[in-house]
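Worksheet: the structure to be examined is printed underneath.
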Amino acid sequence: MEQFFTITSLSECAVLVSFGNQIDSILNERVMDLHRLVNTNPFAGFIESVPAYASLAIFYDTRLVDQQKGNHLTAFDYVKSLLERWSEQQDFVAPPAPARIIDVPVLYDGEDLTYVADINQLSVQEVISLHTAGSYRVYMIGFLPGFAYMGSVDQRIASPRRQTHRTLVPPGSVGIAGLQTGIYPIASPGGWQLIGRTPKMVFDKSKDMPCFFQPGDCVRFYSIDEIEFSRCNEY
């Protein structure tokens, strides 16, 4: 079977399986197929896998892999050959998990909301309507603990990153960068265009599952007013 991925060494104890370099839901689902497969059927020495937009990093214990491989193989060669055999036998298919649908409230009062409207020749209300009309796939978690990269926004509200990053973005801030949208889980520097705030805490290190979002989730935003924001504020 023709391969639709590449496998490269990420470190002495990790490989990177790449399916492309685009923001594409089909490619990301292939990533999640493999992510589910290696977690459902872990090989000896498997530690964890970390999904991204179009790639999956797989980490392993070299010592345990060495106990399984032949003398003529390195740990990387062994894991690479194992993944290639899985591809031939199973096409990287594992039982799909139903996507969680998560509704997130947003107070649309962001500092950059007017800018996003102006550069796209829209009214502020049109920006809000287009942002709330979409359903967004969580492609990956990165940059900050619990920061979910979601996409894709309607082309009509796509906006470039700020030329000058803010030194401090408040937690709960909802932003747009290109065709992506996301929520800052903690206070941090940032360069996305801020269009609003959610009262929902999306990262809580005191919980067993500190990240509110997981790759593969489907997120929908809905507009709230200041009274509702104050009533529901978890920060």
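Scanning the range 107-116 finds no residues that are within 22 Å of the chain's Cα centre (by Cα), under 23 Å from F203 (Cβ atoms), modelled with pLDDT of 95 or more and aliphatic (A, V, I, L, M).
Within the range 35-49, the set of residues being free of Cβ contacts under 8 Å to residues at least 12 places away in the same chain and either in a helix (DSSP H, G or I) or surrounded by 18 or more Cβ atoms within 10 Å (Cβ to Cβ) (or both) comprises N39 only. The number of residues in the range 157-183 that are surrounded by fewer than 15 Cβ atoms within 10 Å (Cβ to Cβ) and outside any loop (DSSP other than H, G, I, E, B) comes to 2.
Return a yes/no flag: does the range 167-174 have any residue that is of a type outside the set (S, T, N, Q), at positive phi and in contact (Cβ under 8 Å) with a residue 24 or more places away in the chain. Don't jump to the end; show me each part of the working.
Here is the first cut: in the range 167-174, the residues of a type outside the set (S, T, N, Q) are 168-172, 174.
With at positive phi added as a condition, the list becomes 172.
Subsequent filtering for residues that are in contact (Cβ under 8 Å) with a residue 24 or more places away in the chain retains 172.
Yes - at least one qualifying residue is present in the range 167-174.
Residues are listed down the side, and each one gets a yes or a no for (1) out of contact with any Leu (no Cβ under 9 Å at 6 or more places or on another chain); (2) closer than 16 Å to V106 by Cβ; (3) in the same structural domain as I128 (by TED's automatic domain parsing):
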| position | (1), (2), (3) |
| --- | --- |
| S152 | no, no, yes |
| T164 | yes, no, yes |
| S173 | no, yes, yes |
| S188 | no, no, yes |
| I195 | no, yes, yes |
| F203 | no, no, yes |
| F213 | yes, yes, yes |
| D225 | no, yes, yes |
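Could you run through the range 220-235 and say how many residues are among the acidic types (D, E) and touching a helix residue (DSSP H, G or I) at 6+ places or on another chain (Cβ under 6 Å)?
Our first condition is that a residue be among the acidic types (D, E); within the range 220-235, this holds for 225-226, 228, 234.
Next, only the ones that are touching a helix residue (DSSP H, G or I) at 6+ places or on another chain (Cβ under 6 Å) stay: none.
The number of residues fulfilling the criteria is 0.
Within the range 103-121, the set of residues being farther than 26 Å from N233 by Cα and touching a Lys or Arg at 6+ places or on another chain (Cβ under 7 Å) comprises just one member, N120.
Within the set E88, E84, E126, the sole residue that is more than 17 Å from the chain's Cα centre (by Cα), in a helix (DSSP H, G or I) and modelled with pLDDT of 95 or more turns out to be E126. Just for the range 1-18: of the residues that are more than 17 Å from V79 (Cβ to Cβ) and in contact (Cβ under 8 Å) with a residue 24 or more places away in the chain, which one is surrounded by the most Cβ atoms within 10 Å (Cβ to Cβ)? Only one residue tops the list, namely F4.
For the range 211-227, a residue qualifies if it is of a type outside the set (A, V, I, L, M) and exposed (fewer than 14 other Cβ atoms within 10 Å of the Cβ), and the qualifying residues are R220, Y222, D225, E226. If the condition is being outside any loop (DSSP other than H, G, I, E, B) and either surrounded by 15 or more Cβ atoms within 10 Å (Cβ to Cβ) or in contact (Cβ under 8 Å) with a residue 40 or more places away in the chain (or both), then the range 130-148 contributes L130, H131, T132, S135, Y136, R137, V138, Y139, M140, I141, A148. Checked against (1) of a type outside the set (S, T, Y); (2) surrounded by fewer than 18 Cβ atoms within 10 Å (Cβ to Cβ); (3) modelled with pLDDT of 90 or more; (4) part of a helix (DSSP H, G or I), M32 meets all criteria but (2).
The values are calculated or read from the model by the stated rules, or taken from the named source; none is laboratory data. This is a predicted model, so every value here is computed, not measured. In this analysis, Cβ positions are derived from the backbone assuming ideal geometry, glycine residues included, and neighbour counts consider all displayed protein chains.
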